[in-house]
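Input: a single structure, listed below in structure tokens.
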Amino acid sequence: MTMTLEEFFHQNPRAALAFSGGVDSAYLLYAAGKYGAQVNAYYVHTAFQPAFELRDAQRLARELGAELKVLELDILEDETLVSNPANRCYFCKKRIFSAIQQAALAEGFRLILDGTNASDQVADRPGMKALQELSVRSPLREAGLTKQEIREESRRAGLFTWNKPSYACLATRIPTGTGITQAQLCRTEWAEDYLHALGFRDLRVRQQGNLARVQLPADQMGRFLSLREEILPTLKARYDGVVLDMEERNGQ
């Protein structure tokens, strides 16, 4: 029988939450407070996250009156991670959640939570193996809540994150097997921030050799082409060229 979030937090009144500032972990933090649980939020700041993610996490924590701990982690010191293997996400999650576990234990929290939901295809996500090894619990998934349901409940709760696009870390923009550098991550963040400032949403700027391969929802492609004369010279200041992927963006 599926456990509700209320039942989960009544049974687990103290926990640490891996908090990203995204839709899922935001709603989980809200629900913990609603049901009277003491849940401390931990945001692990690495070179893989763009600046806006930390800003969103801090804003949401303030609005909920929740305590947020920001942990700094030099992810690029890990040679396995920067070599960018196919299972990079496993090594990254292991580092991030180990850091949260260490900080949480020091403050008396033994249970670690994350925002995986019932819509997530866990079998296809190498990072889930790391969470299982560290005994991380996923209350949203255990409660059978889908992404759409979480968005709707977040909207009703007045959370600004309710319609925030899903976001995968900057490292996903670099092809597997291509070494990850700070310069590549910064260039990717710059390019995506530029397009966001023009009003584009739910986009990716992937590295293809030294080209920028832009992925957009289908309904934004026409506008991208209409702004071609403005966009091209800007992106070509840091890329050799720009390619618009004509397949609608999906996945990470």
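The values are calculated or read from the model by the stated rules, or taken from the named source; none is laboratory data. On a predicted model such as this, the values are computed, not experimentally measured, just so you know. Cβ coordinates were reconstructed from backbone atoms using ideal geometry, including for glycine residues, and neighbour counts include every protein chain displayed.
When you look at Ala118, is it within 24 Å of Ser135 (Cα to Cα), aliphatic (A, V, I, L, M) and at pLDDT 95 or above, yes or no? No: the conditions fail for Ala118. Would you tally the residues in the range 81-99 being part of a helix (DSSP H, G or I) and either within 19 Å of Gln132 (Cβ to Cβ) or acidic (Asp, Glu) (or both)? Residues flagged as part of a helix (DSSP H, G or I) and either within 19 Å of Gln132 (Cβ to Cβ) or acidic (Asp, Glu) (or both) within the range 81-99 amount to 12. Inside the range 54-80, can you point out the residues that are in contact with a Leu (Cβ under 8 Å, 6 or more places away or on another chain) and either assigned by TED's automatic domain parsing to the domain that holds Glu189 or under 25 Å from Glu133 (Cα atoms) (or both)? Residues satisfying the conditions are Val70, Ile75. Would you confirm whether or not the range 193-216 contains a residue that is touching a Gly at 6+ places or on another chain (Cβ under 8 Å) and either hydroxyl-bearing (Ser, Thr, Tyr) or not in a loop (DSSP other than H, G, I, E, B) (or both)? For the range 193-216, residues touching a Gly at 6+ places or on another chain (Cβ under 8 Å) and either hydroxyl-bearing (Ser, Thr, Tyr) or not in a loop (DSSP other than H, G, I, E, B) (or both): present. The set of residues in the range 55-67 that are part of a helix (DSSP H, G or I) and in contact with a Gly (Cβ under 7 Å, 6 or more places away or on another chain) comprises Asp56, Ala57, Leu60, Leu64. Contact map, the range 94-109: residues that are free of Cβ contacts under 8 Å to residues at least 40 places away in the same chain paired with residues that are in a helix (DSSP H, G or I) and buried (at least 16 other Cβ atoms within 10 Å of the Cβ), Cβ distance under 7 Å, separation 6+ or inter-chain. Pairs shown: Arg95/Ile75. Between Ala51, Ala47, Ala16, the distinction of being assigned by TED's automatic domain parsing to the domain that holds Leu64 and either touching a strand residue (DSSP E or B) at 6+ places or on another chain (Cβ under 9 Å) or buried (at least 22 other Cβ atoms within 10 Å of the Cβ) (or both) belongs to Ala16 only. Do we have Ser138 as touching a Ser or Thr at 6+ places or on another chain (Cβ under 9 Å), in the same structural domain as His45 (by TED's automatic domain parsing), under 20 Å from Arg55 (Cβ atoms) and surrounded by 15 or more Cβ atoms within 10 Å (Cβ to Cβ) here? For Ser138, the condition - touching a Ser or Thr at 6+ places or on another chain (Cβ under 9 Å), in the same structural domain as His45 (by TED's automatic domain parsing), under 20 Å from Arg55 (Cβ atoms) and surrounded by 15 or more Cβ atoms within 10 Å (Cβ to Cβ) - is not met.
Mind telling me which of the residues Leu235, Leu216 ends up being touching a residue at least 24 places away in the same chain (Cβ under 8 Å), in contact with a Leu (Cβ under 7 Å, 6 or more places away or on another chain) and under 24 Å from Glu53 (Cα atoms)?
Working: Leu235 fails: in contact with a Leu (Cβ under 7 Å, 6 or more places away or on another chain).
Unique residue meeting the criteria: Leu216.
Gln102 meets the conditions (1) assigned to a helix (DSSP H, G or I); (2) loosely packed, with under 15 Cβ neighbours inside 10 Å; (3) at pLDDT below 95 in every case but one. The failed one is (3).
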